[in-house]
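Here the structure is laid out as structure tokens; the discussion comes afterwards.
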């Protein structure tokens, strides 16, 4: 069905996420079947009788429902519920009955399925909110049933029998969740962006990932490819030279991981190297390589459910995370819901621009109890463990918001309070924010989104979202300068902290801590350790003088120690 | 025709998991049941698609209707189900559907 379109050894180019490189066979995530609605069902070359079509359609619905139920049984949490509800849609007697009535009337099966699914999809879309989101599930039922009826493989994530490079046009969050991670070597997509769901999840799992690779879905299943996240390339049928180079990089990475000392420049200027986590289980996996946790995303605890966790549940979860990192620094971010992370019990379903709406700290306007419960739980975890976590609020735009948050947190009993800098307004007035709080932490992904007025989920605009964009770097510099003046810590916890080259720029600007996916720490530690603070400052100065994102990156690279650049494949 | 009117107790309304558990219970009962919002047309209560598209929010009343010798018993069971908060993740599917 598909063929290898590129000659052996010719690299397909995309945008890399992470630095690692692997070689492995392609496993394509199968797309929706491309079938004409009036395609007749043929039996031995002749159109099937309506009675035969009815049997085939009935069996297709039953098989799809059974398959989804089986998948649901092996899944957990939200994914299990989504799969179970999707299975029940495939099992729906009304849906099936209406399709069969149309088939009995002589309508081609695909047209009949599309017609009935379309009616329900329109009904869901009209209702909006939660129901509109379920249209994706309904369409996945449609795609699966149609594939069964016409005898094509069922679309979706394949069962991986060997370690594989998963290739897809795009991966929905549920697809990603359905992957058998033990056999995923890398993820490559034709669409998506470097800060989309797939890229972020791949980063957390330490999987190399390349997005926006044109033509990659044309590769046949089983084609061996070399995926280089650092270079953003996918090379079919790599030669021995490529394999050897990858092996040397793997060995170098393993050597880098041996160094777990505190982060510092070559001349001993300390830069705290921290890990980002979402759950207490993540905290347990934070190894000796991290000096603590720079970003504990608490929303994971909330996203798993349809009502807010109680103060006891939260206190237990926070205490477990604090114990897991055992006395090291932990920065807890309060609930960051809304926009692309809706909550059943707090999000307003009818926002036209959710990224600009009631999200992050702004939820305090309508649901103050969520924040106060969370702060009370954190205070309890602090008492139970004897640790003293820091706490920070997301999506702060004004000093008044910072002051209000600090007052609430301190009243609850948390001593060290900070805010995130993700909104340009906060970066521009970082000095005023720092007058209200003890520290700030820059979220570079959202800061780029809001500075460049570019939706993080629009992969085709990835060039605008680039954190090397001079305007974004100016705001990071402004924030870092305010921290130096106030003598207060300024951290970075966005994806850019994980890029060893950008890490040098951030250190040069005056950033005091870098928090990233744990897997990115060794390379960043190595880069920082091999440059003096003065060199980092020279790199930062050169970067700020650049006019474009590409110039900024090139200016940084030109000043990096060549041995470091070679070792890290910068 | 037996009828019951009951307010939906689940905090997210009759969506998602609550809708799934409710329609499973209806299907498992073997009795045809309809469900309607106040002033709305009754729909097949065993269809998750129909029940979800009603979009019943938390606290709103719905009317269940059924016929036959088992109608009263089945409707009473369904009323109990709808009066329960079905959002809690630990809630197990009632009625051992399908």
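The values are calculated or read from the model by the stated rules, or taken from the named source; none is laboratory data. All values reported here derive from a predicted model rather than from experimental measurement. All Cβ positions, even for glycine, are placed from backbone atoms using ideal geometry, and neighbour counts span all protein chains on display.
Report yes if some residue within region A:45-52 is loosely packed, with under 14 Cβ neighbours inside 10 Å, assigned to a loop (DSSP other than H, G, I, E, B), on the phi < 0 side of the Ramachandran plot and under 32 Å from the mean Cα position of the chain (by Cα); otherwise report no.
Of the residues in region A:45-52, the ones loosely packed, with under 14 Cβ neighbours inside 10 Å are A:45-47, A:49, A:51-52.
Cutting the leftovers down to assigned to a loop (DSSP other than H, G, I, E, B) gives us A:45, A:49.
Still in the running and on the phi < 0 side of the Ramachandran plot: A:49.
Among the residues that remain, those that are also under 32 Å from the mean Cα position of the chain (by Cα) are: none.
No, region A:45-52 has no match at all.
Select from region A:501-523 the residues that are buried (at least 24 other Cβ atoms within 10 Å of the Cβ) and at pLDDT 95 or above and list them in ascending order.
First pass over region A:501-523, keeping only residues buried (at least 24 other Cβ atoms within 10 Å of the Cβ): A:502-509, A:511, A:513-516, A:520-521, A:523.
Within region A:501-523, A:502, A:503, A:504, A:505, A:506, A:507, A:508, A:509, A:511, A:513, A:514, A:515 meet the criteria.
Spot the failing condition for residue A:206; the list is (1) loosely packed, with under 15 Cβ neighbours inside 10 Å; (2) more than 16 Å from the chain's Cα centre (by Cα); (3) closer than 30 Å to residue A:335 by Cα, and only one is missed.
(2)
For region A:83-104, does any single residue satisfy the condition of being touching a strand residue (DSSP E or B) at 6+ places or on another chain (Cβ under 6 Å), assigned to a helix (DSSP H, G or I) and farther than 22 Å from residue A:153 by Cβ?
Of the residues in region A:83-104, the ones touching a strand residue (DSSP E or B) at 6+ places or on another chain (Cβ under 6 Å) are A:94.
Subsequent filtering for residues that are assigned to a helix (DSSP H, G or I) retains A:94.
From the residues that got through so far, the ones that are farther than 22 Å from residue A:153 by Cβ too are A:94.
Yes; the residues of region A:83-104 include at least one that is touching a strand residue (DSSP E or B) at 6+ places or on another chain (Cβ under 6 Å), assigned to a helix (DSSP H, G or I) and farther than 22 Å from residue A:153 by Cβ.
Just the residues that are farther than 23 Å from residue A:492 by Cβ and either in contact with a helix residue (DSSP H, G or I) (Cβ under 8 Å, 6 or more places away or on another chain) or touching a residue at least 40 places away in the same chain (Cβ under 8 Å) (or both), please, taken from region A:348-368.
Residues satisfying the conditions are A:349, A:350, A:358, A:363, A:364.
Among what's in region B:50-72 and is under 17 Å from residue B:83 (Cα atoms) and touching a strand residue (DSSP E or B) at 6+ places or on another chain (Cβ under 6 Å), pick the residue that is farthest from the other protein chains (Cβ to nearest Cβ).
Filtering region B:50-72 for residues that are under 17 Å from residue B:83 (Cα atoms) and touching a strand residue (DSSP E or B) at 6+ places or on another chain (Cβ under 6 Å), the one farthest from the other protein chains (Cβ to nearest Cβ) comes out as B:72.
Report, ordered by the first and then the second residue, all pairs with beta carbons closer than 8 Å, sequence separation of six or more or different chains, a first member in region A:301-320 that is over 16 Å from residue A:385 (Cα atoms), and a second member that is at pLDDT below 85 and part of a helix (DSSP H, G or I).
Pairs that qualify, where the first residue is over 16 Å from residue A:385 (Cα atoms) and the partner is at pLDDT below 85 and part of a helix (DSSP H, G or I), are A:303/A:78; A:304/A:77; A:304/A:78; A:306/B:16; A:306/B:17; A:308/A:302; A:309/A:301; A:309/A:302.
Is it the case that region A:476-491 has a residue that's over 13 Å from residue A:274 (Cα atoms) and modelled with pLDDT under 95?
no
Considering (1) buried (at least 19 other Cβ atoms within 10 Å of the Cβ); (2) more than 14 Å from chain B (Cβ to nearest Cβ); (3) assigned to a helix (DSSP H, G or I), say which one residue A:165 fails and leave the rest.
Only one criterion in (1) buried (at least 19 other Cβ atoms within 10 Å of the Cβ); (2) more than 14 Å from chain B (Cβ to nearest Cβ); (3) assigned to a helix (DSSP H, G or I) is unmet by residue A:165, namely (3).
Which members of region A:438-476 meet the condition of being over 18 Å from the mean Cα position of the chain (by Cα) and either crowded, with 22+ Cβ neighbours inside 10 Å or without any contact (Cβ under 8 Å) to a residue 12 or more places away in the chain (or both)?
A:440, A:441, A:451, A:453, A:468, A:472, A:473, A:475, A:476
Assuming residue A:157 fulfils every condition listed in (1) at pLDDT 85 or above; (2) at negative phi; (3) away from chain B (no Cβ under 12 Å) apart from one, which condition is it?
Going through (1) at pLDDT 85 or above; (2) at negative phi; (3) away from chain B (no Cβ under 12 Å) one by one, residue A:157 breaks only (1).
In region B:67-79, what count of residues is obtained for those that are under 12 Å from the mean Cα position of the chain (by Cα) and farther than 17 Å from residue B:7 by Cβ? Quick ask: steps written out before the conclusion?
Taking region B:67-79 and keeping what is under 12 Å from the mean Cα position of the chain (by Cα), we get B:74-79.
Restricting the remaining residues to those that are farther than 17 Å from residue B:7 by Cβ gives B:74.
Summing the residues that are under 12 Å from the mean Cα position of the chain (by Cα) and farther than 17 Å from residue B:7 by Cβ in region B:67-79 gives 1.
Just name the residue that is nearest to the chain's Cα centre (by Cα) out of those in region B:11-31 that are outside any helix (DSSP H, G or I) and facing chain A (nearest Cβ under 8 Å).
Filtering region B:11-31 for residues outside any helix (DSSP H, G or I) gives B:11-15, B:30-31.
The next check asks that each one be facing chain A (nearest Cβ under 8 Å); those that pass are B:11-12, B:15.
Details: B:11: 15, B:12: 14, B:15: 11 Å.
Across region B:11-31, the extreme among qualifying residues is B:15.
Quick one: in region A:110-129, which of the residues that are buried (at least 19 other Cβ atoms within 10 Å of the Cβ) and more than 21 Å from residue A:156 (Cα to Cα) is farthest from the other protein chains (Cβ to nearest Cβ)?
A:112
Could we say that residue B:46 is in a loop (DSSP other than H, G, I, E, B), without any contact (Cβ under 8 Å) to a residue 12 or more places away in the chain and closer than 21 Å to residue A:93 by Cα here? Full working, then the answer.
Values: in a loop (DSSP other than H, G, I, E, B): yes; without any contact (Cβ under 8 Å) to a residue 12 or more places away in the chain: no; closer than 21 Å to residue A:93 by Cα: yes.
Spelling it out, it is not the case that residue B:46 is in a loop (DSSP other than H, G, I, E, B), without any contact (Cβ under 8 Å) to a residue 12 or more places away in the chain and closer than 21 Å to residue A:93 by Cα.
Does residue B:51 meet the test of being more than 29 Å from residue A:121 (Cβ to Cβ), under 11 Å from the mean Cα position of the chain (by Cα) and at pLDDT 90 or above?
On the way: more than 29 Å from residue A:121 (Cβ to Cβ): no; under 11 Å from the mean Cα position of the chain (by Cα): yes; at pLDDT 90 or above: yes.
For residue B:51, the condition - more than 29 Å from residue A:121 (Cβ to Cβ), under 11 Å from the mean Cα position of the chain (by Cα) and at pLDDT 90 or above - is not met.
Under the condition of being crowded, with 23+ Cβ neighbours inside 10 Å and within 8 Å of chain A (Cβ to nearest Cβ), which residue from region B:40-49 is nearest to residue A:119 (Cα to Cα)? Spell out the reasoning first.
Taking region B:40-49 and keeping what is crowded, with 23+ Cβ neighbours inside 10 Å, we get B:45-49.
Checking the rest, the ones that are also within 8 Å of chain A (Cβ to nearest Cβ) come to B:46-49.
Values: B:46: 18, B:47: 14, B:48: 14, B:49: 11 Å.
Looking at the filtered set, the residue picked out is B:49.
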